[in-house]
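Contents: one structure, followed by commentary.
The values are calculated or read from the model by the stated rules, or taken from the named source; none is laboratory data. Since this is a predicted model, take the numbers as computed values, not measurements. For neighbour counting, all protein chains shown are included, and Cβ atoms are generated from backbone atoms with ideal geometry for every residue, glycine included. For accessibility, only protein heavy atoms count, side chains too; no ligands or nucleic acids. Shrake-Rupley method; radii C 1.70, N 1.55, O 1.52, S 1.80 Å.
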Amino acid sequence: MERISKNIVKLRIPILILALVLVVPSFFSFISTRVNYDILSYLPKDIDTMKGQDIMLDEFGKGGFAFVIIEGMDDKDASNLKAEFEKLDAVEKVLWYDSIADVSVPKEVLPKNIYDIFNSENSTMMAVFFNTTSSDDEALNAVVEMRKIAGEQCFISGMTAVVEDIKELTLSEMAMYVIIAAILNLIVLSLAMDSFLVPLFFLSSVGLAIIYNLGTNFIQGEISFITLALVAVLQLAVTMDYSIFLWESYKEQKKLFPDNNKLAMAEAIRQTFASVVSSSITTVAGFIALCFMTFTLGMDLGIVMAKGVVIGVICCVTILPSMILVFDKALSKTMHREFLPSFNKLSDFIIKHRDAFAILFIALIIPAAYGEAHTNVYYNLTSTLPEDLNSVIASSKLEEEYGMASQHILLVDADMPLQKVDQMIGEMKQTDGVTTTLSFDTLVGSSIPREAVPDSVKEIMKSDKWQMMLIGSEYEVASDDINNQITELTAILKKYDKHGMLIGESAATKDLIEITDNDFKIVNIMSIAFVFIIIMISLKSLSLPVILVSVIEFAVIVNMGISCYTHTTVPFIASVVIGTIQLGATVDYAILMTTRYKKERIGGKDKQEAVSIALHTSIKSIIVSALGFFAATFGVGIYSSVDMISQLCTLLSRGAVVSMFVVNLVLPAMLMMFDRVIIATTSDMRQLRSKLVKNTKAMTRESAGASVQ
């Protein structure tokens, strides 16, 4: 590494030129990488709800679907509007009452069950089927075009419309996420650093790393909008410390080499690389643990962020040193005293009252665990979107005017006898919450021979192998009622057709609930195992990983538990990823303090003095790191209109602060309390262990001698 560091210093100008040149291909690669806005598309491909979507596409040429509610339009204009919709490339078929009867036939003469499906007192409704999946770009563009064609009289509900609204909302806010995170982080760095200029170089270096990371996402084909929204904020939050490490090391080396800043920087790079790599490993491990989720959104976020941390490390030891050396004179002129205090008095207070903090830790375990276990979680994205969005308005109208808060699609054997179809539909109508049933037989009626039905009508609901049915429900997606209803409907379906499938947003969301619940357990175990092994190897101890992981896991539980006591409902993904990210990113605080404690203890200090020195020397770094993490995520949490992004950033910012308090207040007490255990189970503390054994034997002999006398 010494040779590499000297070459970095020597090639500082070419490195900066290359860094700027790489921005161009990274930018074009970034804008050409597709963004997926459909959360449900990350479900496993082998479950019925996902296989059913493939059947819909293969057999019916239909993927996503939407209900279009039209107000204040006569039947002739509505029929013309339907024809305009059907001209769109992504629209496979539009189902309205003129699909089965001429528009000249008054709707009032239709059978009541048919009339009620398509009409309310205030509007008429069309079912639009797309020839692509609900989140495909062509389907999303079709929704945009449909809204333009119909104007303000048109409200479109369904997953495709929701995805399009989330896309527009996220894209309109994305730039502000980065700006807010950068400004707040700059404020923290300006207070923490001793130069007004160096924070700008920090942000520039991390900013380039973020651009490179976004540019390399093409290897995945596409990334989720959640990953895209969080990547810049998270990468800034978890990698900014590396820049601080380099700057502090450079200042120390300049004291040793006052007349040779290039040699000072080369040595700083060499030393920083070792510390940054060891620090980043736990963070990378946390993100890699997300890749073990069955719900592949975790893999999407995990790969992008693990890659981002690695790129951040590389930029920290190449681009940032080059910037500092090129602008060294300007940096010298902008130096100032540090505004943050030393926190020595606070450290003394913590050491003095360590027993009280240990008791507080024990006292909070039960309420924190209770809070975490009873935090409410939501799975329905639509329910948290702004109420003025077109898709949200449409969903409300669909529920109020047509009694459909959600919809199911049934796929059954095309050759199922009419009598069995009637029996099955009849049973389903009796299921609590079912408001509407629409099938091929409902459309054409029972009196018309099937062979007399035109193919244009047949293809709407039937294929060679399957027939499709729509069921409307008054229950909301992700509610207990809808999940129970799905279970009942599936049981009825399997009774008549064991190969039949119930699919749609509600069924997919039910699968999501079950899958992510299991994912949470797996990811939690994997992240703890990864971090435990890394700490065990780096600190050469069996007990320290237990202590450090326990401390941070306690911080995670407190963070999640607070949501229960503030009556905040968090997105389902939060319970899966927050613990992993918080553990991986903030366990470094504990490692920093523990490493110094070990050094002092091996050096001959008694346990209280060793812990005191460790706290004094690390508390400021921990506070600055946590405040940087907080600054990068807190503002986005306040600003974002997308509740999932807002909540994730709020939980991450709060998690950094909670970890900061727990490490500074609780860990010193834990290190002192388990000092003997640590010495006995840490390989590079053998000499200290031998010394303790000798002292213990000597004390035993003295005690025995005193008792004899």
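Observations, loosely collected:
- Counted residue by residue at 0.36 nm each, then reduced by the alpha carbon distance between them, the extension gain from Lys345 to Asp259 reaches 27.4 nm.
- Under a 5 Å amide H cut-off, with hydrogens placed 1.01 Å from N, Val570 pairs with Asn376, Val377, Tyr378 among residues at least 5 apart or on other chains.
- Estimated FRET transfer efficiency (Val326, Phe218; beta-carbon r; R0 25 Å; 0.05): 0.20
- Dimensions in Å of region 304-350 - Rg and Dmax from alpha carbons: 17.2, 43
- Values of log10 I(q)/I(0), in the order q = 0.25 Å⁻¹, for region 191-237 under a Debye, Cα-only, solvent-free model: -0.92
- For the chain, the membrane-span-like helices by this rule, meaning whole DSSP H stretches whose C-alpha atoms cover at least 18 Å of axis and whose Kyte-Doolittle mean is 0.5 or above, are 159-192, 198-215, 225-256, 261-290, 297-326, 354-373, 505-539, 543-565, 572-602, 607-639, 643-665; this says nothing about an actual membrane.
- Sorted largest first, the spans of the alpha carbon positions of region 476-569 along the three principal axes are 62, 35, 16 Å.
- Percent breakdown of C-alpha pair distances by 20 Å bin, ordered from the shortest bin, for the chain: 16, 41, 27, 14, 3, 0
- Per residue, the average separation of C-alpha pairs within less than 8 Å and at least 6 apart gives region 102-234 a relative contact order of 16 percent.
- Pairs over the 19 Å Cα-Cα cut-off, from the set Lys429/Lys495; Lys62/Lys87; Lys51/Lys397; Lys345/Lys605: Lys51/Lys397; Lys345/Lys605.
- Its relative contact order, with pairs defined as Cα atoms under 8 Å and 6+ residues apart, puts the chain at 18 percent.
- Summed over qualifying helices (DSSP H, 4 residues or more, each -39500 (n - 2.57)) and divided by its residue number, the chain shows a 222 nm mean residue ellipticity of -23000 deg cm²/dmol.
- For region 470-558, the list of trypsin sites (Lys or Arg not before Pro) that fall in a loop by DSSP and count at most 11 other C-beta atoms within 10 angstrom reads Lys498.
- Over 17 Å [Cα-Cα, region 521-610], rounded percent: 54 percent
- Accessible solvent surface per residue of region 465-603, calculated while the other protein chains remain in place, 1.4 angstrom probe, Å²: 36 Å²
- Take the Cβ atoms of Asp46 and Ile187, set R0 to 60 Å, and the FRET efficiency comes out at 0.80.
- For the chain, the antiparallel share of DSSP beta bridges with both residues in that region comes to about 85%.
- Split the accessible area of region 276-355 by element, probe 1.4 Å, and carbon with sulfur accounts for 68%.
- Taking Lys329, Lys87, Lys598, Lys462 and ordering them by how much accessible surface each has at a 1.4 Å probe, largest first, produces Lys329, Lys87, Lys462, Lys598.
- Region 177-266: C-alpha pair distances exceeding 17 Å, %: 56 percent
- Overall Cα dimensions of region 313-417, principal axis frame, Å, largest first: 83, 50, 34
- Among the protein heavy atoms of region 568-697, carbon and sulfur supply 60% of the accessible surface, probe 1.4 Å, non-protein parts ignored.
- All C-alpha to C-alpha distances of region 374-420, sorted into 10 Å bins beginning at zero, yield P(r) values of 19, 33, 23, 19, 7 percent in whole numbers.
- Of Ala268, Leu22, Val163, farthest towards positive along the dipole that unit charges on Lys, Arg, Asp, Glu beta carbons give the chain: Ala268
- Note on Cys564: accessible area approximately 30 square angstrom, rounded to 10, probe 1.4 Å, nucleic acids and ligands left out.
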